[in-house]
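The values are calculated or read from the model by the stated rules, or taken from the named source; none is laboratory data. This structure is a prediction, so every number in the text was calculated from the model and none was measured. A quick note on method: Cβ atoms are made from the backbone with ideal geometry, for glycine too, and the neighbour counts reach across all protein chains shown. Please note that ligands, DNA and RNA were not included when accessible areas were found on the heavy atoms of the full protein model with its side chains. Shrake-Rupley method; radii C 1.70, N 1.55, O 1.52, S 1.80 Å.
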Amino acid sequence: MKSKAHAAGTIVNALALGYGSAFGLNMVTEVKLSVEDDLKRCILIENGVERKNRIVDQVLSRFGIKGVVEVKSEIPKGSGLGSSSAFMNALLLSIYKYLGRRLLAHEILRLNAKLSLELEISYTGAFDDASASLLGGIVVSNNKEMKLISWEFRKADAIVLIPRWRRGKILLEEIRKDTELVEKAIKCAIDGDYRSAMMLNSMHYCRRIGYPTEVVEKVKDLDCFCGLSGNGPTFVAFGNKETLKEVEEIWSGYGSIVRTELVATPSDEIVITSELYGNSRSS
């Protein structure tokens, strides 16, 4: 069984308040599941290399399955682009297909978030990243309740800055104090003002984790949406191609650039029901 899911770029990081916003990026993780019940343990083959992996073992065992999981991914690990959420989405999709289950979006996304918490992959369950990865488009979510507040599609080119510096240390106490900027950011995201939301979010998290704010400050007057992605170290920007050329010229001094685009369709033939939402609607 084969499935795929996409990377997720950040509008508002949910770590501070439990509310997040993210968008699907066209960087793909593909999973192929081959069920083999006579195996002593599950096997993970990642980009052609066999590895031991407790996550694969525990997720498959939850469904009473043993097998070989082959993964090919364009998403760099530990980059702030939702690589774990994308992998879990693709794995769960493959399992559901093998078992003949309906691909209910709310069920897959909540299981993704719950497993991420149980297996200590994520601090919040990353329901926002998982949703953007599976659904595509731009989402705003209540990660505590594991429900969407809003979901919309938007076509745009995008770039990712992979900087020369490493990921900063995540100190939850530091991140969760003086959260006024994040509170404003999530209000902006709910109102659809993603540009302001990304800037406010970046100012808070860059200062708390230790990344240079100049990365976003240097491009803030350009006609684009830009900011820190996840807990970093990557930064993302989306908008029209001409403006992104200017952003790329500025950002290229900080590291390497990946050109991509927003994802405007779900990653599979999933089923959407009202169970996916709180007091909200898709558009």
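Taken together, Val49, Val31, Val12, Val35 contain a single residue that is open to solvent by less than 20 Å² (accessible area, probe 1.4 Å) and over 25 Å from Ile209 (Cα atoms), which is Val31. Criterion applied to Cys206, Cys188 was being more than 22 Å from Ser79 (Cβ to Cβ) and either surrounded by fewer than 17 Cβ atoms within 10 Å (Cβ to Cβ) or within 20 Å of the chain's Cα centre (by Cα) (or both), and the one residue passing it is Cys188.
If you go through region 33-59 and keep only what is assigned to a strand (DSSP E or B) and under 20 Å from the mean Cα position of the chain (by Cα), you end up with just Glu46.
Please determine whether any residue of region 100-113 is within 23 Å of Tyr205 (Cβ to Cβ), surrounded by 17 or more Cβ atoms within 10 Å (Cβ to Cβ) and in contact with a Ser or Thr (Cβ under 8 Å, 6 or more places away or on another chain). Checked region 100-113: at least one residue is within 23 Å of Tyr205 (Cβ to Cβ), surrounded by 17 or more Cβ atoms within 10 Å (Cβ to Cβ) and in contact with a Ser or Thr (Cβ under 8 Å, 6 or more places away or on another chain).
Residues that are open to solvent by 10 Å² or more (accessible area, probe 1.4 Å), within 22 Å of Arg167 (Cβ to Cβ), touching a helix residue (DSSP H, G or I) at 6+ places or on another chain (Cβ under 7 Å) and part of a strand (DSSP E or B) within region 215-269 comprise just one, Ile257.
Checked against the criterion of being in a loop (DSSP other than H, G, I, E, B) and small (Gly, Ala, Ser), the candidates Ala14, Ala5 yield just one match: Ala14.
Give the residue that is nearest to Gly80 (Cα to Cα), with candidates limited to residues of region 151-181 that are outside any loop (DSSP other than H, G, I, E, B), open to solvent by 30 Å² or more (accessible area, probe 1.4 Å) and in contact (Cβ under 8 Å) with a residue 60 or more places away in the chain. Spell out the reasoning first.
The initial filter retains those residues of region 151-181 that are outside any loop (DSSP other than H, G, I, E, B), namely 151-152, 157-163, 172-175, 180-181.
Adding the requirement that they be open to solvent by 30 Å² or more (accessible area, probe 1.4 Å) leaves 152, 157, 162, 172-174, 180-181.
Narrowing further to those that are in contact (Cβ under 8 Å) with a residue 60 or more places away in the chain: 152, 157, 162, 172.
Working: Glu152: 22, Asp157: 19, Ile162: 10, Leu172: 16 Å.
If we take residues in region 151-181 being outside any loop (DSSP other than H, G, I, E, B), open to solvent by 30 Å² or more (accessible area, probe 1.4 Å) and in contact (Cβ under 8 Å) with a residue 60 or more places away in the chain, then Ile162 is nearest to Gly80 (Cα to Cα).
For Gly80, the requirement of being touching a residue at least 24 places away in the same chain (Cβ under 8 Å), assigned to a strand (DSSP E or B), open to solvent by less than 40 Å² (accessible area, probe 1.4 Å) and of a type outside the set (A, V, I, L, M) is not met.
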